[in-house]
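This report refers to the structure that appears directly beneath it.
Computed from the coordinates by the stated procedures, all read-outs in this text should not be read as laboratory data. It should be emphasised that the depicted structure is a prediction, and the values quoted were computed from it without experimental measurement. Virtual Cβ from ideal backbone geometry, glycine too; neighbours counted across all protein chains shown.
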């Protein structure tokens, strides 16, 4: 007799625990969730205690109703045995680098939780290599707490709020300690001056998740130590050549900034 193995049979045992935990954290009753999804309350209960496994489209509908961050959705879907697109291990970093070199402005490519996977050579020159220096410092929030970076950002609070809103949309309202870069961020925060540390946490509390990461924009006023200020605009987008990733273009907004950028390119 041939054994047939479904995605549910291969699922990690914790997927249903994660689902139940996320529903409870959002204070959504099992009855209300069932009603929104067109399911019976007993079916939802069976899912949450691992007695039944939902079909992919059913689980996707449940997660959409709960309005989870993309990283939380991906964690539950993968734990339940469903594919969610490419992971970092699947990504060809050399191809990302080649993709970034095709544009004449600074560009970074990041995962949805703002982990910087690649920067083109021009962005590396602008930041003097600081934005992707070491593995645990490649996260955008870590960079925003780095004095080598924030001392050069004239509108630091505006840019920090932008990255916080992206993080909250992708991951959630909290800063989970399970991420490998969290000790670096904690260390950086401990070295901030009391006023700047206070502003960091104040902005964290007040900033709402962004409605859509794609096509979102933020001004960035960058002060080069030698050449002066550049006015750039961070524009987030996606590409069929980099599926599932966030492309961040730093576009000069005036002729003066283009001139500074060309001088940086030449040095």
*Give me the percent of Cα-Cα pairs in the range 198-254 that sit more than 17 Å apart, rounded to a whole number.*
58 percent
*Cα Rg, Dmax, the range 88-266, angstrom units*: 15.6, 44
*If each of residue 29 and residue 237 carries a label point 7 Å out from its Cα toward its Cβ, how far apart are those two points in nm?*
4.7 nm
*Please work out how much length the chain gains when fully extended from residue 67 to residue 102, using 0.36 nm per residue of separation minus the C-alpha to C-alpha distance, in nm with one decimal.*
9.0 nm
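Full-extension gain between residue 190 and residue 263, please, as 0.36 nm times their residue separation minus the C-alpha to C-alpha distance. Intermediate results must be reported in sequence, preceding the final value.
Values: separation 73, 0.36 × 73 = 26.28 nm, distance 3.56 nm.
Here the answer is 22.7 nm.
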_Distance between the C-alpha centers of the range 146-167 and the range 40-71? Whole Å please._
37 Å
*Ranked packing of 224-233, 154-163, 117-126, most packed first, by mean Cβ within 10 Å*: 117-126, 154-163, 224-233
*How much length, in nm to one decimal, is gained on full extension between residue 95 and residue 49, taken as 0.36 nm per residue of separation minus their Cα-Cα distance?*
12.3 nm
*Förster radius 22 Å - calculated FRET efficiency between residue 155 and residue 206, Cβ distance, rounded to 0.05*: 0.85
*From the square roots a ≥ b ≥ c of the eigenvalues of the alpha-carbon gyration tensor of the range 15-79, which class results: rounded (a/c under 1.5), prolate (a/b over b/c), or oblate?*
rounded
*Counting pairs of alpha carbon atoms under 8 Å apart in space and at least six apart in sequence, what relative contact order in percent does the range 15-79 give?*
41 percent
